[in-house]
Amino acid sequence: MAVLQTIRKRSGLLLLAIGFALLAFVVQDLFTKGFKSQSKDVGSINGKDISFDQFRIKVANAEKNGQNGQSVTQIQAANQMWDQEVAIALISEQFEKAGIRTSENNIIEIFKKDPNIGQNPAFLNQLGKFDIAKFKEFFKTNPEQAKAFQDRQTDAEINAKYQVYSTMIKAGLYATNADGKFKYKLEADKINFDYVSVLYSTVKDSDVKVSDADILDYMKKNEKKFKSEETREIEYVLIENKPSVKDEAEMKAKINGLLTGSVVYNKETGINDTLPSFKSATNVSEFIAENSDKPYDSTYVAKQDLPAEHADNLFALPLGEIYGPYINGSYYCLSKAMGKKAGDKVKSSHILISWVGAERAAPKEKRTKEQAKVKADALLAQALANPAMFQMLAFTNSEDPSVQQNGGDMGYISRETNFAKGFKDFVFNNPVGKIGMVETEFGYHIINVTDKQDAIRLATVAQKIEPSEVTNNDIYTKATKFEMDSNSNKDFAAVAKAAKLTVNPAVKAKAMDEAFGAAGNQRQIIKWAYTSDTNVGDVKRFEVVNVGNVIARLKKINEKGLMSVEDAKPSVEGLLKNKKKAEKIIAKMKGASLEAIAAANATTVQNAPAASVENSVLANVGAEPKVVGAAFGTPANKVSAPVEGNSGVYVVKAKAVTKAPKYDDYVAKLKAANAQAAGRVFPALKNDAKIEDNRLEFY
């Protein structure tokens, strides 16, 4: 009681002490974070903030809907939406500067090009044309749909403005007759010239030295080519969660035990139960449910669908017999033959001819059923007369877009496959090579039966080969010890070697990456490398589900700006070596004639009979535009000064120039290039934009 009384008397002091402790914790956190509060914006483009609240909704929708039918991760969705936000912000600035406005008609035209809208029966009139009145009425009477449609309207407005903007750019880029004529002459003027070449490969790499300072100097002179985003280099050791040799042996013994009956004590009844073997089990599905990590699959499968290594043995298995145990992936398996069907899998090709009103017929389809029959009969006659032409007939005539491009090939189907009944009846009731025609709700099908396969039904007990609890504990202990040793001894490679572990090559990651080498997508590791309190040399262990333990070390921080010398070396070192080799070669290329120069360099005079600036390939060497340009610029029968080319140093002597014949439309030569001009606008805008990216704070 005395103790309690004392606490009551001093409760005020106790609360004050707790308050100071909490305050100290907050202050410490502020200093640790550098007084940095999380932004409410995910970023800004040229001063325009992007609210995180709105951005995360777009990311959630993108993650939910996927991309091109493929699922995406949250990071992939965030990157996709960020690129979209940047593009819209930058291009919208240009719309404002250019004073571009759109009318309702512009937006409606964008909608009409979308098949889900422009060809939607709900918006078509009696003539099958898009009806604006029906379109507007639909959203008046469906307010919930109208609300959901607002984002589509915004997108359509941007698209409409972009079409105007793109047209303006194309209109502003015109080509004169002189421009076209110059382009044509580069292509069609031909020159015949002799030359002597001394290739860079004739000088040993060891005879020239390129220092890091040389590479850095070259990079500074060509900064735009060597811009680099901020990256982190993370090396790592992967200790996989995989079963030991003992675990595998125990699992094999366990599944082998299913081949013989066993006696097990039943605690509920107090007597021993005799359990049947896999072979003698009368209820196979029940046996598998009790003993397998995979459910019983009663479907018939073709030989090609069986595990390749065991397919021959499994497919030849007599009824009731057992094959195994065998390994399939990460499972030990026993398989029992339950049945076989002849011709259960059928492969076919078809040509579909549809008519107006047929199931999934194209909205523009005008052909009547009678007209479709006439065309189908004609195609059938052609296919029967020349079966080898079936694929080409499908390419040019089939109205099934899903298989048109592969010659009508429908792949393999089974009797259980959900398919049009008439089609399925034909392919299963006719032999390979049979060509005929059937009618279904989709149209007339000219069908070619191309292959049939027998199928087998197997009952398979599959038990996953997993690490035991003892093995998992050993793996955890090993990973934890390695992490501790690596933090106390900064030589990561030496610690790994002592532990008989392998250091994987460093992963170079940008702030919003998630892919991490053999460990797959590991956003947590990359985010750790980018946190402010992670320094070069820091080591941290991560538990990765279904993979194991990743012990990561931040090896290097590459700041935004000029690429590191190490990264640039592979592409720059060779160029600089060739530059130094050229100096040595030029010093030896002396002589009054090509023959004298060739003799001095132990080579021969060669000829280029018809080179042009646009086609500057020299035999056995490759493209040499500088050399061909020098030939055009050197007076006839005069020896040029040495020219540093892509593959070596050259001297040339022009012999004759063949002028290009007259051409009717020189300007047409440049129209195609100008048509692509709008696509080059966005990269240029992005390069000059001020973009602040705060996504790392949120993802």
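The values are calculated or read from the model by the stated rules, or taken from the named source; none is laboratory data. Since the structure is predicted, the reported quantities are computational estimates derived from the model, not experimental observations. No Cβ is skipped: glycine too gets one built from the backbone with ideal geometry, and neighbour counts run over all protein chains shown. The protein model used for the area step is the full one, side chains on, heavy atoms only, and it has no ligands, DNA or RNA in it. Shrake-Rupley method; radii C 1.70, N 1.55, O 1.52, S 1.80 Å.
A single member of LYS490, LYS478 is modelled with pLDDT of 95 or more, more than 35 Å from the chain's Cα centre (by Cα) and either farther than 30 Å from PHE287 by Cα or surrounded by 18 or more Cβ atoms within 10 Å (Cβ to Cβ) (or both), and it is LYS478. Restrict the check to segment 591-601 and report whether at least one residue is farther than 21 Å from VAL196 by Cβ and surrounded by fewer than 14 Cβ atoms within 10 Å (Cβ to Cβ). No - not one qualifying residue is present in segment 591-601. Annotation: of all residues in segment 366-391 being surrounded by 13 or more Cβ atoms within 10 Å (Cβ to Cβ) and charged (D, E, K, R), the one that is nearest to MET437 (Cα to Cα) is ASP377. Please tell me if ARG523 is of a type outside the set (Gly, Ala, Ser), surrounded by 15 or more Cβ atoms within 10 Å (Cβ to Cβ), closer than 30 Å to VAL59 by Cα and in contact (Cβ under 8 Å) with a residue 60 or more places away in the chain. It is true that ARG523 is of a type outside the set (Gly, Ala, Ser), surrounded by 15 or more Cβ atoms within 10 Å (Cβ to Cβ), closer than 30 Å to VAL59 by Cα and in contact (Cβ under 8 Å) with a residue 60 or more places away in the chain.
Do you know which of the residues in segment 399-432 that are farther than 28 Å from ALA455 by Cβ and not in a helix (DSSP H, G or I) is most open to solvent (accessible area, probe 1.4 Å)? Lay out the reasoning, then the answer.
The initial filter retains those residues of segment 399-432 that are farther than 28 Å from ALA455 by Cβ, namely 399, 401, 404-405.
Going one step further and asking which of them are not in a helix (DSSP H, G or I), we end up with 399, 405.
Working: GLU399: 56, GLN405: 140 Å².
Taking the candidates together, the pick is GLN405.
Of the residues making up segment 612-644, those that are touching a strand residue (DSSP E or B) at 6+ places or on another chain (Cβ under 7 Å) and in a strand (DSSP E or B) are VAL617, LEU618, ALA623, VAL639, VAL643.
Only one of the numbered conditions (1) in a helix (DSSP H, G or I); (2) closer than 30 Å to MET563 by Cα is violated by LEU238, and that is (1). Scanning segment 410-419 for any residue that is under 29 Å from SER298 (Cβ atoms) and either among the charged types (D, E, K, R) or over 41 Å from the mean Cα position of the chain (by Cα) (or both) turns up at least one such residue. In the set VAL208, VAL237, VAL203, only one residue is more than 30 Å from ASN687 (Cα to Cα), surrounded by 15 or more Cβ atoms within 10 Å (Cβ to Cβ) and in contact with a Phe, Trp or Tyr (Cβ under 8 Å, 6 or more places away or on another chain); that residue is VAL237. Of the residues screened, THR502 is one that is of a type in the set (Ser, Thr, Tyr) and open to solvent by 90 Å² or more (accessible area, probe 1.4 Å). Looking at ALA518, ALA459, just one residue is of a type in the set (A, V, I, L, M), in contact with a strand residue (DSSP E or B) (Cβ under 7 Å, 6 or more places away or on another chain) and in a helix (DSSP H, G or I), and that residue is ALA518.
Scoring TRP355 on the criteria (1) in a strand (DSSP E or B); (2) buried (at least 17 other Cβ atoms within 10 Å of the Cβ); (3) in contact (Cβ under 8 Å) with a residue 60 or more places away in the chain leaves a single failure, condition (1).
Suppose we filter SER571, SER564 for residues that are among the hydroxyl-bearing types (Ser, Thr, Tyr) and either open to solvent by less than 50 Å² (accessible area, probe 1.4 Å) or touching a residue at least 24 places away in the same chain (Cβ under 8 Å) (or both); which single one remains? So the residue among SER571, SER564 that is among the hydroxyl-bearing types (Ser, Thr, Tyr) and either open to solvent by less than 50 Å² (accessible area, probe 1.4 Å) or touching a residue at least 24 places away in the same chain (Cβ under 8 Å) (or both) is SER564.
Checking each residue in segment 648-668 for being at pLDDT below 95 and over 11 Å from PHE193 (Cα atoms) picks out THR658, LYS659, ALA660, PRO661, LYS662, TYR663, ASP664, ASP665, TYR666, VAL667, ALA668.
The residue that is nearest to THR658 (Cα to Cα), counting only those in segment 614-646 that are open to solvent by 50 Å² or more (accessible area, probe 1.4 Å), in contact (Cβ under 8 Å) with a residue 12 or more places away in the chain and among the small types (Gly, Ala, Ser), is ALA636.
Of everything in segment 200-229, what is among the hydrophobic types (A, V, I, L, M, F, W, C) and either in a loop (DSSP other than H, G, I, E, B) or in contact with a helix residue (DSSP H, G or I) (Cβ under 6 Å, 6 or more places away or on another chain) (or both)? Give them in sequence order. Of everything in segment 200-229, those that are among the hydrophobic types (A, V, I, L, M, F, W, C) and either in a loop (DSSP other than H, G, I, E, B) or in contact with a helix residue (DSSP H, G or I) (Cβ under 6 Å, 6 or more places away or on another chain) (or both) turn out to be VAL203, VAL208, VAL210, ILE215, LEU216, MET219, PHE226.
Scanning segment 102-114 for residues that are loosely packed, with under 14 Cβ neighbours inside 10 Å and either in contact (Cβ under 8 Å) with a residue 60 or more places away in the chain or over 17 Å from ALA156 (Cα atoms) (or both) yields nothing.
Note on segment 446-457: residues that are open to solvent by less than 20 Å² (accessible area, probe 1.4 Å) and out of contact with any Gly (no Cβ under 8 Å at 6 or more places or on another chain) total 1. For the condition within 20 Å of LEU696 (Cβ to Cβ), surrounded by 13 or more Cβ atoms within 10 Å (Cβ to Cβ), of a type in the set (Gly, Ala, Ser) and at pLDDT below 95, ALA515 qualifies. In segment 531-611, counting only strands (runs of 3 or more DSSP E) that sit wholly within it, the ones holding 2 or more residues that are out of contact with any helix residue (DSSP H, G or I) (no Cβ under 7 Å at 6 or more places or on another chain) span 548-558, 606-611. Does GLU441 fit the bill of being farther than 28 Å from THR299 by Cβ and of a type in the set (Asp, Glu)? For GLU441, the condition - farther than 28 Å from THR299 by Cβ and of a type in the set (Asp, Glu) - is not met.
In segment 196-213, the residues that are closer than 13 Å to ILE586 by Cα and touching a residue at least 40 places away in the same chain (Cβ under 8 Å) reach residues that are basic (Lys, Arg) and buried (at least 16 other Cβ atoms within 10 Å of the Cβ) with C-beta atoms within less than 8 angstrom, at least six apart or across chains, in these pairs: TYR200/LYS577; TYR200/LYS581; VAL203/LYS581.
Would you mind stating whether ALA587 is out of contact with any His (no Cβ under 9 Å at 6 or more places or on another chain) and buried (at least 19 other Cβ atoms within 10 Å of the Cβ)?
Values: out of contact with any His (no Cβ under 9 Å at 6 or more places or on another chain): yes; buried (at least 19 other Cβ atoms within 10 Å of the Cβ): no.
So ALA587 fails the test.
Return the pair list, or none, for Cβ contacts closer than 7 Å from residues in segment 299-320 that are under 14 Å from ASP454 (Cβ atoms) and touching a residue at least 12 places away in the same chain (Cβ under 8 Å) to residues that are among the polar types (S, T, N, Q) and assigned to a loop (DSSP other than H, G, I, E, B), at least 6 apart or on different chains. Between residues of segment 299-320 that are under 14 Å from ASP454 (Cβ atoms) and touching a residue at least 12 places away in the same chain (Cβ under 8 Å) and residues that are among the polar types (S, T, N, Q) and assigned to a loop (DSSP other than H, G, I, E, B), the close pairs are TYR300/SER414. All of (1) part of a helix (DSSP H, G or I); (2) over 28 Å from VAL356 (Cβ atoms) hold for GLN371 with one exception: (2).
Annotation note: Cβ proximity below 8 Å between a residue of segment 414-427 that is more than 12 Å from GLU441 (Cβ to Cβ) and a residue that is among the β-branched types (Val, Ile, Thr) and part of a loop (DSSP other than H, G, I, E, B) (sequence gap 6+ or interchain) occurs for SER414/THR299; GLU416/THR299; LYS424/THR417.
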